[in-house]
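Notes follow once the structure below has been shown.
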């Protein structure tokens with residue numbers, strides 16, 4: 001028989017992308033959403049790493065380099081806007097970075113396929 005504190009079994013809220021896969025249209029901006037499994041208790045900045053074959057500033061622009069999750073909220077967004085994408089088969093990959101008070105959820109990486117202009 002062991003003694004344990006009931007709070008030992010409580011996991012911190014989890015952060016995940018809303019989707020594991022997105023498509024950036026050649027002609028319209030894309031909203032990428034971060035979701036928390038419970039409301040933030042304070043304003044929280046959640047950074048992410050950007051990789052992939054598409055080049056920021058050349059193939060697309062991004063509204064922010066981190067999500068700003070406000071106290072009391074469970075969702076935050078960034079916007080990715082396409083530029084003149086004439087190169088086929090490009091992708092953007094975003095990976096959430098760890099942040100205090102949260103754990104990373106099931107969808108910590110999202111892949112964004114960039115459509116080619118015709």
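Taking the centroid of alpha carbons for each part, the stretch 99-118 and the stretch 17-68 are 7 Å apart.
On the beta carbon distance between residue 115 and residue 74, with R0 = 35 Å, the FRET formula returns roughly 0.75. Of all DSSP bridge pairs formed entirely within the chain, close to 80 percent run antiparallel. Of the residues 85, 97, 43, the one that moves most in a GNM of the chain with alpha-carbon contacts below 10 Å is 43. Hey, rough spin-label estimate for residue 84 and residue 20, points 7 angstrom out along Cα→Cβ, what's it come to in nanometres? My value for the distance between the label points is 3.7 nm. The ellipsoid equivalent to the alpha-carbon distribution of the stretch 20-118 has semi-axes of 27, 12, 11 angstrom, derived from the gyration tensor eigenvalues as √(5λ) and listed largest first. For the chain, a Gaussian network of Cα nodes joined below 10 Å ranks 60, 86, 22 by mean-square fluctuation, and the top entry is 86.
From the Cα gyration tensor of the stretch 61-115, with a ≥ b ≥ c the square roots of its eigenvalues, which class applies: rounded if a/c is under 1.5, or else prolate if a/b is larger than b/c, or else oblate? Prolate shape, in that a/c is at least 1.5 and a/b is the bigger ratio.
Every number in this text was worked out from the coordinates using simple rules, so none of it is lab data. Remember, predicted model here, so these are calculated numbers, not experimental data. Note: ideal-geometry Cβ built from the backbone for every residue, glycine included; neighbour counts use all protein chains shown.
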